[in-house]
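The values are calculated or read from the model by the stated rules, or taken from the named source; none is laboratory data. Since the structure is predicted, the reported quantities are computational estimates derived from the model, not experimental observations. With ideal geometry, Cβ positions are generated from the backbone for all residues, glycine too; neighbour counts draw on all protein chains shown.
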Amino acid sequence: MAPQDSLPTRLRDYIAFLLPWAHGHQLKAIGDFVAAIIEQQIACQAQLARYFGKQEAAVKRLSRLLHNERLEPRLLADAVLLQALHQLPKHGTVRLAVDWTIEADQHLLVVSLVVGRRAVPIYWRAYTYCMSRRNFRGGIHLRVR
C-alpha cells in the first residue's frame, strides 16, 4: 500500500509535461492512479481502490476523476499520441495495431504501438454517431495519418 503523496518525481513531471492544460488536483489524481496501475499491473477500479487503503474514498476519487467534465478525453488522447510519436525512432520499422470495435451505435477506434509481444495504446477515440461505413473509415484514415 503506497501513500498518495509518494508519487515519484519523474512520473509527476512526465504527466505535467504531457498534460500542460491540467491543473494541480487533476494532475495529482491522474498521477496517483497511473502510479497505482503501474504498481498493480491492472486497471480494475476495485483493485486500484484497494491499493490506496480506504477503498470507498478511492472509488469516489476515481469516479470524480473519470466523470470530470473539465477533463477533455480528446485532449488526453491527442497528448498521449503526440508524446508517443515524439519518442519513436527517426528511422526503422514501427508496427501499429488498429482495432475498431462497434457495439450498437458506439464506435471505438484504438491505435496501439506494437512493442515486442505487447501492444501499447497510443490513441483512442469513441464515436457515438452513425455514418456510412465508407465515410467513417475515410474520416479515421485522414485523422490517424
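Selection within region 95-145: residues that are polar (S, T, N, Q) and assigned to a loop (DSSP other than H, G, I, E, B). The member of this set that is modelled with the lowest pLDDT is 132. Scanning region 66-77 for residues that are in contact (Cβ under 8 Å) with a residue 12 or more places away in the chain and assigned to a helix (DSSP H, G or I) turns up 73, 74, 75, 76, 77. Set side by side, the residues 86, 25 differ, and just one is at pLDDT 85 or above, part of a helix (DSSP H, G or I) and in the same structural domain as residue 115 (by TED's automatic domain parsing), which is 86.
Scanning region 48-65 for residues being free of Cβ contacts under 8 Å to residues at least 40 places away in the same chain and within 13 Å of residue 34 (Cα to Cα) gives a total of 4. With respect to the numbered conditions (1) of a type in the set (Gly, Ala, Ser); (2) more than 20 Å from residue 115 (Cα to Cα); (3) over 14 Å from the mean Cα position of the chain (by Cα), which one is the sole condition not fulfilled by residue 92? That leaves (2) as the condition not met.
Considering every residue within region 51-61, establish whether at least one is in contact with an Asp or Glu (Cβ under 7 Å, 6 or more places away or on another chain) and either surrounded by 14 or more Cβ atoms within 10 Å (Cβ to Cβ) or part of a helix (DSSP H, G or I) (or both).
yes
Consider residue 32 carefully, then state whether it is surrounded by fewer than 15 Cβ atoms within 10 Å (Cβ to Cβ), in a helix (DSSP H, G or I), modelled with pLDDT of 85 or more and acidic (Asp, Glu). Taking the combined requirement at face value, the residue does not satisfy it.
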